1. Would you call Ile148 under 17 Å from the mean Cα position of the chain (by Cα) and not assigned by TED's automatic domain parsing to the domain that holds Asn49?
2. Considering (1) exposed (fewer than 15 other Cβ atoms within 10 Å of the Cβ); (2) free of Cβ contacts under 8 Å to residues at least 24 places away in the same chain; (3) under 21 Å from Lys74 (Cβ atoms); (4) not acidic (Asp, Glu), say which one Arg106 fails and leave the rest.
3. When you look at Asn77, is it surrounded by 11 or more Cβ atoms within 10 Å (Cβ to Cβ), free of Cβ contacts under 8 Å to residues at least 24 places away in the same chain and over 18 Å from Gln134 (Cα atoms), yes or no?
4. From Leu42, Leu115, Leu36, Leu72, grab the single residue that is modelled with pLDDT of 90 or more, of a type in the set (A, V, I, L, M, F, W, C) and exposed (fewer than 14 other Cβ atoms within 10 Å of the Cβ).
5. Can you pull out every residue in segment 30-79 that is under 30 Å from Thr93 (Cβ atoms) and small (Gly, Ala, Ser)?
6. It is to be established whether one or more residues within segment 20-36 are within 24 Å of Ile137 (Cα to Cα), in contact with an Asp or Glu (Cβ under 8 Å, 6 or more places away or on another chain) and β-branched (Val, Ile, Thr).
7. Among the residues of segment 82-127 satisfying the criterion of being under 14 Å from the mean Cα position of the chain (by Cα) and β-branched (Val, Ile, Thr), which is farthest from Ile148 (Cα to Cα)?
Amino acid sequence: MQPLLAQACWDTLYMVGWSTLIAVVGGLPLGILLVLTDRGGLLQNVVANKVIGQVVNIGNTEVVTFSRAVQLVKTENAVQAGNDGLVIMKDGTKYVSSVLNGGVSRIRPGKSAELIAKNIPSAASMCYDAGANQLVIPMNANNGLAFIRIE
């Protein structure tokens, strides 16, 4: 039993080690290039940034929901790929921002996603302002904020 446990631990460390090395060697340069080619970056290049962003996000529009017990509850699709920010309302409506494409998708329970905002530079993280019933999205490269009223 002891040799099997030792071998299993070694196999696990071997697989995790190689996976980590590949992720760092492949991911770190891509991440650095994304920052450098972004608006206001040292090597600002919108086209290169979009291409690298597509490689990193691989056109994924999926929004996955997990339970507190870490069980997959459902998979939905936003309108645009490259999703980053997420706000979930009490009624289950999800607002998803696409840092890659600069839009915000609304996914209402049981309905298809709809694009409610577009052309927001660096639509990354966002939050909900309950007092004004709006989404607030930092536009990092522009040192500004986008405000989207919710119907």
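1. It is false that Ile148 is under 17 Å from the mean Cα position of the chain (by Cα) and not assigned by TED's automatic domain parsing to the domain that holds Asn49.
2. Of (1) exposed (fewer than 15 other Cβ atoms within 10 Å of the Cβ); (2) free of Cβ contacts under 8 Å to residues at least 24 places away in the same chain; (3) under 21 Å from Lys74 (Cβ atoms); (4) not acidic (Asp, Glu), only one is false for Arg106: (1).
3. On the way: surrounded by 11 or more Cβ atoms within 10 Å (Cβ to Cβ): yes; free of Cβ contacts under 8 Å to residues at least 24 places away in the same chain: no; over 18 Å from Gln134 (Cα atoms): yes.
No: the conditions fail for Asn77.
4. None of the others qualify; the one that does is Leu42.
5. Residues satisfying the conditions are Gly53, Gly59, Ser67, Ala69, Ala78.
6. No: segment 20-36 contains no residue that is within 24 Å of Ile137 (Cα to Cα), in contact with an Asp or Glu (Cβ under 8 Å, 6 or more places away or on another chain) and β-branched (Val, Ile, Thr).
7. Val99
Here's the yes/no breakdown for (1) of a type in the set (A, V, I, L, M, F, W, C); (2) not assigned by TED's automatic domain parsing to the domain that holds Gln134:
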position	(1), (2)
Pro3	no, yes
Trp18	yes, yes
Leu21	yes, yes
Gly26	no, yes
Val46	yes, yes
Phe66	yes, no
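The values are calculated or read from the model by the stated rules, or taken from the named source; none is laboratory data. Keep in mind it's a predicted model, so treat the numbers as computed, not measured. All Cβ positions, even for glycine, are placed from backbone atoms using ideal geometry, and neighbour counts span all protein chains on display.
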